Amino acid sequence: MAGPGVPGAPAARWKRHIVRQLRLRDRTQKALFLELVPAYNHLLEKAELLDKFSKKLQPEPNSVTPTTHQGPWEESELDSDQVPSLVALRVKWQEEEEGLRLVCGE
């Protein structure tokens, strides 16, 4: 005849397996989270810098900007080159932010 521990043995193995799988999942998610935090902080720093540069580039309505001498190496349409790059940076930043939201589950 079987002893009292035999019927519970498969259940104990199954429970140990589940516990191991849950611990593995927790370690994996923690590692991803630990990588995500510095990336998110770096993204916030970039966003703050972008905001500062955007505010500096916006002309004030009453201020007159002096024209500077442009050498042959400088392009005369400096503003038109900067505006698309700022828009592109903002779009890229929003895409990264949306990706982080999807990863974080927010």
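The values are calculated or read from the model by the stated rules, or taken from the named source; none is laboratory data. What you see is a predicted model; the values in this text were computed from it and never measured. All Cβ positions, glycine included, derive from the backbone under ideal geometry; neighbour counts span all protein chains shown.
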Pair list, Cβ under 6 Å, 6 or more apart: segment 22-40 residue in contact (Cβ under 8 Å) with a residue 12 or more places away in the chain, other residue surrounded by 10 or more Cβ atoms within 10 Å (Cβ to Cβ): Y40/L100
D26, sole failed condition from (1) surrounded by 10 or more Cβ atoms within 10 Å (Cβ to Cβ); (2) in a helix (DSSP H, G or I); (3) at pLDDT below 90: (3)
Residues of segment 5-23 classified as surrounded by 10 or more Cβ atoms within 10 Å (Cβ to Cβ) and outside any helix (DSSP H, G or I), total: 1
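Taking segment 20-44 as the region of interest, how many residues are out of contact with any Cys (no Cβ under 9 Å at 6 or more places or on another chain) and over 16 Å from E95 (Cα atoms)?
To start, the set of residues in segment 20-44 that are out of contact with any Cys (no Cβ under 9 Å at 6 or more places or on another chain) comprises 20-32, 34-35, 37-39, 41-44.
Restricting the remaining residues to those that are over 16 Å from E95 (Cα atoms) gives 20-32, 34-35, 37-38.
Counting residues in segment 20-44 that are out of contact with any Cys (no Cβ under 9 Å at 6 or more places or on another chain) and over 16 Å from E95 (Cα atoms) gives 17.
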